[in-house]
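Here's the structure we're looking at; comments come further down.
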Amino acid sequence: MNTLQQSTPARLHHLQIVTGQPETMVDFYQRMLDLRIVEVHADSTVLAGPARAMVIGRSDGGIEPHYGYAVADASALEALKRQLSGRDLPYRTIEDPMFAPGAIVITDPQGRRLAFGVAAQACDYAGPPARLQHTVFQTTDLDNIVRFYVEKVGFAISDEVVDADGVVMVVFMRSDDEHHTLAFFRGSNNEWDHHCYETSEWNDIRDWGDRFAAAEVPIFFGPGRHGPGNNLFFMVTDPDGNRLEFSAELGRVAADTLPGVWPQSERTLNSWGRAWIRS
Ligand SMILES: [Fe+2]
């Protein structure tokens, strides 16, 4: 089967989230991530910055959350649509302010939405390096969800984390050459786990840490180095409690690489020290 990586590489391009406190959230992402407002609608604000973007919607408005993955161009999007149709995966055409016309959205068996499209907004200013790179969820139905994203959508498994009983607890999946652009943790709830910005190097991690320190936003997890992906990281939270990760040195994985297996341990999730084990 053709994977996304092989046929139509896709990278995480923007988030579309909803919140009960849009003004506070817009302010946070403007101040902390250097995003700028590019559109204001009745029930959403569109923010874009250097290699990162998001749509922040009112939770009482008509906006549905989704995670936007960009493919290279219109012909790649058409090829992806053919692949999805060939696997009997329905998709719906949507209007997305960050994508050119023709973008689509798919819905997974638990109701999460992934959009695919061609990036339409270009950022004309520089800022500290933090390219929106991956998003992660907790799920009560890991096996089915992974099967959906692999068999229907075309993600490839890079690494799995397995507990002492042989139960798969975490699955890291890629849609291009980077180790993971999407991952799922087995958990007791279905919730958004975190999203991640990839920086250029360790010194950027320092600078982002200093920026959050100056704003008195404490580190939630890290700094450390993940086993799967081998990336340096730390995590903070936004005013809604959503977790943001800043990363460096995320590994790349060739298309023909077989999935790796890691034991579930603190060392796997953070080789430098204590880990956050989801439950
Ligand atoms: Fe992550």
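The values are calculated or read from the model by the stated rules, or taken from the named source; none is laboratory data. Because the structure is a prediction, the values reported are computed rather than measured. Because the Cβ atoms are built from the backbone with ideal geometry, glycine has one as well, and the counts that use them run over all protein chains shown. When the accessible area is computed, the model is the full protein with side chains, heavy atoms only, and any ligands, DNA or RNA have been set aside. Shrake-Rupley method; radii C 1.70, N 1.55, O 1.52, S 1.80 Å.
The table for this structure:
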quantity: Paramagnetic reach from ALA72 in the range 122-165 [backbone N under 19 Å; point 7 Å along Cα→Cβ]; calculated: 154-156
quantity: Relative contact order of the range 141-254, defined on C-alpha pairs under 8 angstrom at six or more residues apart (%); calculated: 22
quantity: Percent accessible area from carbon and sulfur atoms, the range 83-138, protein chains only, probe 1.4 Å; calculated: 51
quantity: Cα-based equivalent ellipsoid of the chain: semi-axis lengths in Å, sorted from largest, via gyration tensor; calculated: 26, 25, 17
quantity: Sparse-neighbour loop sites [trypsin sites (Lys or Arg not before Pro); the range 18-97; at most 16 other C-beta within 10 Å; DSSP]; calculated: ARG87
quantity: Structure-based [θ]222 nm, the chain - -39500 (n - 2.57) summed over DSSP H runs of at least 4, per residue, nearest 500; calculated: -5000 deg cm²/dmol
quantity: Stretch gain in nm, segment ASP256-ARG31, where the contour uses 0.36 nm per residue and the Cα spacing is subtracted; calculated: 76.9 nm
quantity: Net lengthening on full extension, THR140/ASP240 (0.36 nm per residue, minus Cα-Cα); calculated: 33.8 nm
quantity: Accessible surface of the range 164-279, 1.4 Å probe, proportion on carbon and sulfur as whole %; calculated: 49
quantity: Residues in the range 183-219 that a label on SER279 would reach, taking backbone N under 14 Å of a point 7 Å out along Cα→Cβ; calculated: 187-189
quantity: Residues of the chain: accessible area per residue with a 1.4 Å probe, Å²; calculated: 42
quantity: Projected label distance in nm at ASN189 and TRP202, using a 7 Å step from Cα toward the beta-carbon; calculated: 3.5
quantity: Label-reachable residues, the range 144-182, where backbone N falls under 12 Å from a point 7 Å from ASP88's Cα toward its Cβ; calculated: none
quantity: Value of relative contact order over the chain, rounded to a whole percent, pairs C-alpha under 8 Å and six or more apart; calculated: 17
quantity: DSSP beta bridges in the chain [antiparallel fraction, %, rounded to 5]; calculated: 70
quantity: Peptides 197-206, 8-17, 239-248, 166-175 ordered by average Cβ neighbours within 10 Å, highest first; calculated: 8-17, 166-175, 239-248, 197-206
quantity: Length-normalised contact order of the range 4-118 in % [C-alpha pairs under 8 Å, at least 6 apart]; calculated: 27
